[in-house]
Amino acid sequence: MNTYNIAALAGDGIGPEVMREAVKVLRATEKRFGFKLVITDAPVGWAGIDFAKKALPDITLDICKRSDSILFGSVGLPDRDPTIPKEERPERAALLRLRKEFGLFANLRPVKLPKVLAHACPLARERQGEGIDILVVRELTGGMYFGQPKHTEDLGGGQQRAIDTMVYTTPEIERIAHVAFKAAQLRRKKLTSIDKANVLENGILWREVVTRVGKQYPEVQLDHMFVDNGAMQLVLKPTQFDVMLCENMFGDILSDEAAALGGSLGMLPSASLGATNGSRTFGFYEPAGGTAPDIAGKDLANPIAQILSAALMLRHSFGLNEAAAAIESAVEHAIESGLRTGDIFSPNEPNVRRVGTRVMGDAIAAVV
Ligand code: NAD
């Protein structure tokens, strides 16, 4: 029987509540599909500081290193964060540290707005078609955020000059392009590569390399789009997109724009992928939202983002596509059957029932 080791880092706020539901759903897939998941809990964030005086305790890092992937909740508490130095705060000391430690270069942010949740989307209904379903693939370790030189220099006379540098090499573009084409193969086989090839040298290289990599994926339809047009098309006609491939900064901006179309932070999962070893890819899976202290501990959080993050883990780290699809269709089923946590509930919607975190998780696990 295939065995997969998962480090489960629930973190703070709603983290433990939504993680509990994700684990419940994973256990249901284990039973149905006949693989074994060894899930090891470890403290992180304020839970780590309370346990071992560190946002990322050594034992937690050790468990992560011995695992095939990390399922992460969220960290940080706005009332406690300011009480310690910046570099010790959970998001910096745990989250950023883990991303760096595991060389996570590819960020996947799927945004799916089912037709029945049309009311939760800021776009007019006629722009939503049969529902929005986009995957943004963002390069995470290159481009403008990391390129050198990067500094602010004094020009004298009270004037300064700030310099950031956009740098990409062929291998960096190739590896993220492969991730995007592979993801498109598992979806509707359409890839829109975003660049600024009309102005930037980086854009020209990006377009050339993506086009070349695309020859290895003849079944995927490849288009190129300038980033400014991409931003506009996301709100004009989001249904035209399947997979959007972006460099780091463009992906940062467009993935948030796309996320706004999804209706609620509580519905949005994400995956950050590192190197592939044989059939397994090390990955870090987390909901797009934070610790939501305003609703923590009240059975109000939507567990779907965490549950869909677990589905992404099964697909992208372990290649368990059928089990991942079973989770995703169970989530759709729960929504279609009228279950709504507070964040996606509207009193104007007929035949729906407002439920808590636990009931939503139970319903999804039962369908799996
Ligand atoms: P947040 O995402 O926690 O909350 C923003 C709003 O979205 C809140 O109203 C919250 O109730 C709602 N929300 C978020 N997730 C939800 C869910 N699953 N179900 C229902 N509603 C949900 O952002 P914030 O308030 O800016 O940050 C709170 C804390 O989380 C801060 O300490 C911040 O630093 C931290 N944070 C952590 C991460 C992470 O760990 N990756 C990400 C973002 C924020």
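The values are calculated or read from the model by the stated rules, or taken from the named source; none is laboratory data. Small disclaimer: the values here were computed from a predicted structure and weren't measured. Neighbour counts are summed over all protein chains in view; Cβ atoms, including those assigned to glycine, are modelled from backbone coordinates with ideal geometry. Note: areas computed on protein heavy atoms with side chains; ligands, DNA, RNA excluded. Shrake-Rupley method; radii C 1.70, N 1.55, O 1.52, S 1.80 Å.
Looking at (1) surrounded by 14 or more Cβ atoms within 10 Å (Cβ to Cβ); (2) within 25 Å of LEU104 (Cα to Cα); (3) in contact with a Lys or Arg (Cβ under 7 Å, 6 or more places away or on another chain), find the lone condition where GLY73 falls short.
Checking GLY73 against (1) surrounded by 14 or more Cβ atoms within 10 Å (Cβ to Cβ); (2) within 25 Å of LEU104 (Cα to Cα); (3) in contact with a Lys or Arg (Cβ under 7 Å, 6 or more places away or on another chain), the one that fails is (3).
Just need a number here: residues in segment 35-58 that are surrounded by 21 or more Cβ atoms within 10 Å (Cβ to Cβ) and either over 22 Å from TYR4 (Cα atoms) or among the aromatic types (Phe, Trp, Tyr) (or both).
Within segment 35-58, residues that are surrounded by 21 or more Cβ atoms within 10 Å (Cβ to Cβ) and either over 22 Å from TYR4 (Cα atoms) or among the aromatic types (Phe, Trp, Tyr) (or both) number 7.
Give the number of residues within segment 175-193 that are touching a residue at least 40 places away in the same chain (Cβ under 8 Å) and more than 13 Å from VAL210 (Cα to Cα).
7
Give me the residue from segment 135-161 that is among the aliphatic types (A, V, I, L, M) and touching a Gly at 6+ places or on another chain (Cβ under 9 Å) and, out of that set, farthest from LEU308 (Cα to Cα).
The residue in question is LEU140.
Out of ALA275, ALA365, ALA323, which single residue is at pLDDT below 95 and either under 18 Å from GLY73 (Cα atoms) or more than 13 Å from the chain's Cα centre (by Cα) (or both)?
Just a single option satisfies the conditions, and that option is ALA275.
If a residue has to be part of a strand (DSSP E or B) and either touching an Asp or Glu at 6+ places or on another chain (Cβ under 6 Å) or open to solvent by 30 Å² or more (accessible area, probe 1.4 Å) (or both) to count, how many in segment 99-137 make the cut?
3
Residue by residue, here is whether (1) within 16 Å of the ligand (Cβ to nearest atom); (2) touching a strand residue (DSSP E or B) at 6+ places or on another chain (Cβ under 6 Å); (3) closer than 21 Å to MET19 by Cα holds:
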site	(1), (2), (3)
ASP62	no, no, yes
GLU91	yes, no, yes
LEU108	yes, yes, yes
LYS112	yes, yes, yes
LEU117	yes, no, no
GLY142	no, no, no
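Yes/no per residue for (1) open to solvent by 10 Å² or more (accessible area, probe 1.4 Å); (2) within 15 Å of the ligand (Cβ to nearest atom); (3) without any contact (Cβ under 8 Å) to a residue 60 or more places away in the chain; (4) aliphatic (A, V, I, L, M):
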position: ASN277; (1), (2), (3), (4): yes, no, yes, no
position: ARG280; (1), (2), (3), (4): yes, no, no, no
position: GLU286; (1), (2), (3), (4): yes, yes, no, no
position: ASP299; (1), (2), (3), (4): yes, yes, no, no
position: ALA305; (1), (2), (3), (4): no, yes, no, yes
position: HIS316; (1), (2), (3), (4): yes, no, no, no
position: ILE344; (1), (2), (3), (4): no, yes, no, yes
